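Quick notes on the structure that follows.
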Amino acid sequence: MFRHIILFFFIVIINISALAQGELSGYIKDNEGPLQYCNVIIQDTKFGNTSDKNGFYSFKNLPDGKYRIKFSLLGYETQFHNIEILNNKINLNVVLKSSVIQLEPIEVKDSRIQEVNDTRTSLIEVDPKDAKILPGAGEDVLRTLQSLPGVVAPNDFSSQLVVRGSGPDQNLIIMDDVEIFNPYRLYGVISMFNPESVSEINLVTGGFPSRYGDRLSAVLDVVNREGSRKSYFSGSVNASIIDANIIFEGKMPLGIEGSWLVSSRRTYYDLIIEPFVKNAGLVEENVNFPHFYDVQSKIVIGPYDGNKFTLNGIYSRDGVDVISSKERKTPDSISVYNITRNDVASFSWDYAPTSKIYNKIILSWYENSGAATLSSKILDPSLQRDKFKNTLADTLAPYLYNLAFDANFSYVKYSADDRFTYQWNKNIFEAGAGMDYMKNIIDFKFNIAPELLSIIASNPQFRAVFDNLRDIKYVNKYRAFMQNNFAISDRLFLQPGVRFDYYDLLSKYYIAPRFAFSYALNDITTLRGVWGIYYQSPGYEKFFDQNVMYNFNKEKVVNLEAEKAIHYVLSIERWLSSEWNVKLEGYYKDFRDLIIPQKFTGNFYSVDPIPGQDQRYTSGWTNPVSFKRDSLTQNPINNSYGESYGVEVLISKKNILPDNVLSGWVSFAHAYANRFDNGKKQPFRFDQRNTFNIVLNYQINSWLDFGMRWQYGSGFPYVEPNGIKPRIILTDQNNDGKPETPIIVTREIGTPAYNKREVVFDVDFGTGEINAYKPAYHRMDIRFTFSAKIFKKNWKFYLDIINVYNRANVIGYDYYITEDLKLGREASTMFPIIPTIGLSVKF
């Protein structure tokens, strides 16, 4: 009975409080009539609104008090009015005067517009909705980012990010405050980020603040959203012919304040695409397609008295099991088994005892591990594959070489971080500290035919070092940072910061100062700049992304330094209207102490043609003569430096006003990326000089949307071969187990009765210096989205078409030796035209 009495008085108090609130309303116009979409802001509160087509605005349930009201619209002078609410209704009509100077046009805005006090340059905030509807992106977060300035993709098959002339291994990727080493699935085709469950996507392509570290180039910070608290259970289903995505969410049961969310994805390349292409005769019956599935969850408890607790979990598996029998029509035979695991568990405690103090503790565990087995017979790479498609297995034997390996790896990381924020006056102070405990295990065993090793050693396109490697590494890393955002005035903000890192593998510490500023030239133009020093520690988890196998045993890293970069960034941003924004940014990145494989001078062999002799046989060549040339090892060494610099322009259309039907962006980047090895300058392998993107989304009517993306990129550099040369290997003619005699490799041609053996040739790449660029890349993707209400649920159906005009974009070239001893070339291309259909529904 007592509880019912208390509840009754509580309801009465609430209703009395509601009766003590007032209203504000009125009309806004100019000399010609009502003004639509005028911004009305009650300053120092969260209240904001816009006028309707009649110029009318209103605020209800305003608590008693004094307020300052701001009225602004592009092309008109801003007005301020003071009012006082005392349980009454106030009617405030305003007449705005036109103005040539466009002041404060963007007060009512979406959360994707960068505030003036945010000193971060190179910041790209992406709405997760863009990742879901961007044509050709496959509803993938990382592929969406590949359409932004300063970001390119290695190729169509990869979701990796190449940011401003740096490799993917130099990007820091964080999800819910946990560093992720391998965010890719299906060998890089898609990413682990689910656009249906993501709430924030922030990419800083340069000059990132001191809270981020241990990377040289860029930071991608992704936050998964919390579950809906509207009901105990709701969800959505998204399905296409390539994958399915299911989400369940709701508020916590049993009266617990909080929410829960569980999502799961699975690809259907193995269940849908595989039978389709087999029936079409595009692949053989014994070819299997890979698959991937994951389960992600987020549980939030609170807030309770300024406390909130969050639990995150990810369980993910990639797998492929391919067996190719001798009866296949292609010349090679292959057997592959692979399983890759990516698992995450984290706990965070947010504590805000006052409105000025905030602290967050994060504890996490992350494992990226896998096992792979390959057993194969590979056709001699110097031969033209098409000529051997239907050759019998017995006839193929002289042209096939063994290639096999067994690989196991495990990167396990335990982390703890504490981050503190204090707001004093208009200044914001941030500090934090943390540590990683890592256990890395790698075990790679190779079995490669000597002929293939000879080809690999002479081909600069193979960056991997194929020596057996087994290592168990326990590594600790410690970090701390401190920064303060000083509000010098309403227009000028300065942010000095410093970061400390200690890398146990190197037994060295590094201090990285950074400085950023933001200055509002006027109400619609902001200038930002950053200077900073950045370090990146060596580690298997990073360089595995380069396909380079380094040996980080203790004796190999005694003199090793962390890689270093210095960033210089300057940007200017201006609002052309309340929706159109333009941003111009220039940058320079100075890379130092870059780690590359150590070289040693070894013996190689060459031969010269004998004039007048048939060069198809050994009699047409001189005896092999040794010469000195550098060769790669697995030992890491700081013997390279580099630079990247460029200018980027981004013009974007924001969907701010309610009747908008058009949004998107246009971007252009002109950039250079160079590396200096042993003092010799070469373009970096991701040096793309010009990149152009157009992304548009147009709402045709209430039930149909159209999206278009067009990309252009000048080609990546590559090594073009000089010609052909006889293949030379070392043989053990003394039978002492030490191959030391060079011979020209020959192969028996025709029947044994003729006893003819012809010289086997290799492609001659010379010194391996980059000397050419691939053709330009361009592709158009489109997407139609149809909305409908079926069984009282909102359904969306879409048709997505990749590479509409079927452009054959070149990923690389396969070189071979023709019968008349000439060098032939075949282009390997990327995605052809690919249509995809899908649907989504929320319940």
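The values are calculated or read from the model by the stated rules, or taken from the named source; none is laboratory data. Bear in mind that the values here come from a model prediction, so they are computed numbers and not experimental data. We place every Cβ from the backbone using ideal geometry, glycine too, and count neighbours over all the protein chains shown. Side chains included, ligands, DNA and RNA excluded: accessible areas come from the protein's heavy atoms. Shrake-Rupley method; radii C 1.70, N 1.55, O 1.52, S 1.80 Å.
The figures follow:
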item: Set TYR422, TYR411, TYR437: member being open to solvent by 60 Å² or more (accessible area, probe 1.4 Å), in contact (Cβ under 8 Å) with a residue 60 or more places away in the chain and part of a strand (DSSP E or B); result: TYR422
item: Residue check, ASN342 in contact (Cβ under 8 Å) with a residue 60 or more places away in the chain and polar (S, T, N, Q); result: yes
item: Positions within segment 529-565 being part of a helix (DSSP H, G or I) and either more than 20 Å from VAL162 (Cα to Cα) or modelled with pLDDT of 90 or more (or both), in sequence order; result: LYS554, GLU555, LYS556
item: Pairs with Cβ under 6 Å, 6+ apart, first in segment 611-630 and of a type in the set (Gly, Ala, Ser), second assigned to a loop (DSSP other than H, G, I, E, B); result: SER619/GLN613; GLY620/ILE610; GLY620/GLN613; GLY620/ASP614
item: Tally, over segment 177-194, of residues that are touching a Ser or Thr at 6+ places or on another chain (Cβ under 8 Å), open to solvent by less than 20 Å² (accessible area, probe 1.4 Å) and at negative phi; result: 6
item: Search result, residues across segment 566-615 that are touching a Lys or Arg at 6+ places or on another chain (Cβ under 9 Å), over 30 Å from ASN522 (Cα atoms) and not in a strand (DSSP E or B); result: VAL607
item: Positions within segment 346-383 being among the hydroxyl-bearing types (Ser, Thr, Tyr), open to solvent by less than 30 Å² (accessible area, probe 1.4 Å) and closer than 30 Å to MET438 by Cα, in sequence order; result: SER346, SER348, SER364, TYR366, SER369
item: Set SER197, SER122: member being touching a Ser or Thr at 6+ places or on another chain (Cβ under 8 Å), open to solvent by less than 10 Å² (accessible area, probe 1.4 Å) and farther than 30 Å from PHE347 by Cβ; result: SER122
item: Residue match in segment 460-474 (condition: modelled with pLDDT under 95, assigned to a strand (DSSP E or B) and touching a Gly at 6+ places or on another chain (Cβ under 9 Å)); result: yes
item: Strands (runs of 3 or more DSSP E) wholly inside segment 641-750 containing at least 1 residues that are open to solvent by 30 Å² or more (accessible area, probe 1.4 Å) and over 26 Å from VAL804 (Cβ atoms); result: 662-677, 680-683, 723-726, 728-731, 741-744, 746-749
item: Of all residues in segment 751-776 being within 47 Å of the chain's Cα centre (by Cα), small (Gly, Ala, Ser) and in a loop (DSSP other than H, G, I, E, B), the one that is modelled with the highest pLDDT; result: ALA776
item: All positions within segment 31-49 that are more than 14 Å from LEU92 (Cα to Cα) and either touching a residue at least 60 places away in the same chain (Cβ under 8 Å) or exposed (fewer than 13 other Cβ atoms within 10 Å of the Cβ) (or both); result: ASN31, GLU32, GLY33, LEU35, TYR37, ASN39, GLN43, ASP44, LYS46, GLY48
item: Filter pass, THR526 being modelled with pLDDT under 95 and open to solvent by less than 20 Å² (accessible area, probe 1.4 Å); result: yes
item: Some residue of segment 800-817 being modelled with pLDDT of 85 or more, open to solvent by 60 Å² or more (accessible area, probe 1.4 Å) and within 30 Å of GLY620 (Cα to Cα); result: yes
item: Lone qualifier among ILE174, ILE246 - being surrounded by fewer than 20 Cβ atoms within 10 Å (Cβ to Cβ) and under 19 Å from SER840 (Cβ atoms); result: ILE246
item: Residue selected from segment 331-345 under the condition open to solvent by 20 Å² or more (accessible area, probe 1.4 Å) and hydrophobic (A, V, I, L, M, F, W, C), by the criterion nearest to PHE193 (Cα to Cα); result: ALA345
item: Segment 80-113, subset at pLDDT 50 or above and of a type in the set (Lys, Arg), residue surrounded by the fewest Cβ atoms within 10 Å (Cβ to Cβ); result: LYS97
item: Residue identified as modelled with pLDDT under 90 and open to solvent by less than 70 Å² (accessible area, probe 1.4 Å) among PHE604, PHE627; result: PHE604
item: Considering residues of segment 265-287 that are touching an Asp or Glu at 6+ places or on another chain (Cβ under 7 Å) and at pLDDT 55 or above only, the residue least open to solvent (accessible area, probe 1.4 Å); result: THR267
item: Selected residue (only one of PRO496, PRO538 is within 27 Å of the chain's Cα centre (by Cα) and more than 20 Å from VAL151 (Cα to Cα)); result: PRO538
item: Selected residue (criterion: modelled with the lowest pLDDT) from residues of segment 215-264 that are under 30 Å from the mean Cα position of the chain (by Cα) and of a type in the set (Lys, Arg); result: ARG225
item: Test for ILE770: is it touching a Ser or Thr at 6+ places or on another chain (Cβ under 6 Å) and of a type in the set (Val, Ile, Thr); result: no
item: Positions within segment 601-653 being under 14 Å from PHE761 (Cα atoms), of a type in the set (D, E, K, R) and in contact with a Phe, Trp or Tyr (Cβ under 8 Å, 6 or more places away or on another chain), in sequence order; result: ASP608
item: ALA516 being in a strand (DSSP E or B), over 19 Å from PRO597 (Cβ atoms), at pLDDT below 95 and open to solvent by less than 30 Å² (accessible area, probe 1.4 Å); result: no
item: Qualifying positions in segment 588-644 - more than 19 Å from PRO739 (Cβ to Cβ), out of contact with any Asp or Glu (no Cβ under 8 Å at 6 or more places or on another chain) and hydroxyl-bearing (Ser, Thr, Tyr); result: SER619, SER644
